[in-house]
Each structure stands twice: as structure tokens, then as C-alpha cells.
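A short write-up of the structure that comes next.
The values are calculated or read from the model by the stated rules, or taken from the named source; none is laboratory data. Computed from a predicted structure; not experimentally measured. All Cβ positions, even for glycine, are placed from backbone atoms using ideal geometry, and neighbour counts span all protein chains on display. All accessible areas refer to the heavy atoms of the entire protein, side chains included, with ligands and DNA or RNA removed. Shrake-Rupley method; radii C 1.70, N 1.55, O 1.52, S 1.80 Å.
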Amino acid sequence: MSEHGEPEKYSIDEMMERLKSRPSEDPIENGELVTRADGTKAIRVRKRKRRSHQPHKEELAQTRKARMLQVSGALILLMLVLFAAGAAIVYANSAPFRDSLTHKIAQVTGAKVEMLRFRMNPTAANADAVTLTWPEGNVLGELTTQGLRAQIAPQSFLGKAMVGEEVSAKEGTLRLRIPEPGKPSRATAAEGGASPVRFGRYAIPKLNIVLGDSTAPLLKLWNSEASLQTSGSTPRPLLLLNRGDLVIDGWPKLGLDRSHIEFRGSQVDLLSMR
């Protein structure tokens with residue numbers, strides 16, 4: 001017997017009776033009476049999960065989720081930009097783009113255009129050679145250039161216009177002639193609107209100019225540095241010639257120091273020549 005007058009050992013039936021007779025103020029929550037395999041009975045109590053409200057952990061999880069969404073969005077945007085850039089470069093090196101560019105050059109110059117091995121990268125357009133040929137009614141006969149490189153703007157890849165800062169060629173030859181009256185001066189009809197080819201400067205460090213028949217020319221200028229400026233301080237295109245050997249029929253050979261030539265529509269102004 002214990003100090004309270006209760007026996008220390010109980011049978012199973014007595015334990016069950018005591019559990020049933022427990023006061024209501026001390027219930028066993030979530031209890032369930034079960035019978036074991038050996039016939040004995042017991043009360044199985046379901047464990048409850050501890051739930052605690054932790055705002056700082058929830059805020060941290062939301063912050064991580066927001067960062068993951070931002071990083072994922074940035075990666076998707078980067079992949080789209082790279083894909084668009086790659087597609088633009090592929091298109092810029094295709095035959096349709098090259099034919100479109102040839103048409104634009106013909107529209108601006110009025111000449112027949114031949115281009116050899118044209119290619120583009122993200123910063124420049126290159127061609128092994130470009131030849132422009134004008135009809136007999138034009139004072140310009142033929143311009144042949146080798147090793148062309150154009151510094152292009154990104155919008156040039158869209159195909160609407162070829163724009164940039166400068167076009168340069170390693171060397172070139174310009175053949176001039178006395179135009180024939182009644183002959184056309186353009187190989188293609190002029191079109192209105194903005195010029196589809198726009199560069200601020202055209203440069204050739206080694207240019208040869210021949211006037212007249214190549215076998216007996218009236219004038220020859222050899223190894224001159226030429227620069228045609230189409231934008232800047234001057235309102236009209238300005239051709240600058242520096243150095244070179246000038247040979248005029250019936251004259252001794254002269255050394256050209258510099259020459260400034262300005263174009264006003266179909267007219268040419270020789271501003272200075274030394």
C-alpha cells in the first residue's frame with residue numbers, strides 16, 4: 001500500500017477502470033483505446049506536431065525566393081539577348097543581307113556595285129574588294145577599292161540602313177573621264193528619303209586618281225592620302241588630298257602637298273591646292 005492508501009500494483013482491468021474514472025479536468029487528449037496482439041489493452045496517444053510562428057524565417061524564405069526569381073529573370077533575359085545577337089550576326093552574313101546592302105550602295109552612289117567576300121562582326125563590316133562603275137554620262141568612271149573596313153553602329157544589323165563612324169580602305173584607284181552628252185549619269189534611279197548608307201568619313205591612305213584614257217591620261221595622281229568628310233563642321237562634302245605625285249600631260253612631275261575640294265550637288269569647287 002502507498003502513503004495515500006492505494007495499492008502499488010494493479011491488474012490490467014483495474015488500470016482500465018481507473019483511466020475511465022479519471023476526472024474530466026485531467027483528460028488524455030487524442031487518446032485511443034487499442035488492443036494488442038496478446039489481448040492486453042492500452043491507450044495510444046497521437047503526437048501533435050509543434051507549430052511555432054517564426055516571422056524572421058518566413059521573411060528570409062520570401063527574400064530568397066524573390067532573389068531566385070530575379071536571377072532567373074536576368075538569366076532568361078541574357079539568353080534572349082545573346083540569341084537575338086547571334087541571329088542578327090547570322091543574318092548580316094547571309095546572301096539576302098549582302099544583296100540588300102549592294103542595292104543601298106547603288107542607290108546612294110548611282111553606280112553599279114560589285115562586292116567581294118563581304119562579312120560582318122559585332123563591331124565592323126569588312127569586304128575584300130568593292131568596285132563602283134558609273135555610266136558614260138558621269139565624270140566618275142570607276143572606283144576600285146581593296147581591304148574595306150567599316151566601323152558600324154548596332155542598328156546596322158537590322159538591315160534598314162548601314163550607319164557608322166568611318167569607312168576605310170587600304171588602297172584604291174579612281175578613274176575619271178569627260179562625260180558623254182546625252183548619256184545617263186546613274187546606273188540606278190535616285191530614291192527619296194534618308195540615305196540608307198550614312199558614315200561620317202571615308203578614308204583611303206593610298207589612292208590613285210587617273211583622268212582620261214589609262215594609256216595616255218591627261219592627269220595622274222599617285223599615292224595620295226584621301227579623306228572624304230560628309231559630316232561635321234562643313235555643310236557640304238569635303239575631299240582632302242594629302243601628298244602624292246601629280247603628273248599632268250605636258251608638265252613636269254609635281255609633288256602635291258595638300259588639296260581641298262568641296263562638292264555642291266553636281267558642281268565641284270577647288271578651294272585650294274599646293
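Assuming 0.36 nm per residue, please report the length gained on full extension of the stretch LEU69 to THR123 beyond their Cα-Cα distance. It would help to have the intermediate numbers written out before the result.
Values: separation 54, 0.36 × 54 = 19.44 nm, distance 3.31 nm.
Taking 0.36 nm per residue and subtracting the Cα distance, the gain is 16.1 nm.
Order these peptides, 58-68, 84-94, 163-173, by their mean beta-carbon neighbour count within 10 angstrom, highest first. Please list the in-between numbers first.
Values: 58-68: 10.1, 84-94: 13.5, 163-173: 17.5.
Most protected by this proxy first, the peptides run 163-173, 84-94, 58-68.
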Diffusion coefficient, µm² s⁻¹, Stokes-Einstein with Kirkwood Rh over alpha-carbon pairs of segment 47-198 at 4 °C and 1.567 mPa s = 67 µm²/s
Computed over segment 131-274, the distribution of all Cα-Cα distances in 5 Å bins, rounded to whole %, is 2, 9, 14, 20, 23, 17, 9, 4, 2, 0, 0
Please state the relative contact order of segment 118-167 as a whole percent: Cα pairs under 8 Å, 6+ residues apart?
-> 31 percent
So what does log10 I(q)/I(0) come out to for segment 223-274 at q = 0.17, 0.31 Å⁻¹, using the Debye formula with one equal point on every Cα and no solvent?
-> -0.57, -1.17
Once you wrap a convex hull around the alpha carbon atoms of segment 89-131, what is its projected area averaged over all directions, in nm²?
-> 2.9 nm²
Starting from the Cα of HIS260, step 7 Å along the direction of its Cβ; do the same at ASP99; then give the gap between the two resulting points in nm.
-> 4.6 nm
Taking the C-alpha atoms of segment 106-159, how large are the radius of gyration and the largest Cα-Cα span, Dmax, in Å?
-> 12.9, 39
Over the heavy atoms of LYS41, what accessible area does a 1.4 Å probe trace out, to the nearest 10 Å²?
-> 100 Å²
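Return the percentage of antiparallel bridges among DSSP beta bridges fully within segment 123-232, rounded to the nearest 5 %.
Taking every DSSP beta bridge with both residues in segment 123-232, the antiparallel ones total about 70 percent.
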Can you list the HN-Hα couplings for segment 67-74, worked out from phi with the Karplus curve (6.51, -1.76, 1.60; θ = phi - 60°), rounded to whole Hz and with x for Gly and Pro?
-> 5, 4, 5, 5, 5, 4, x, 5
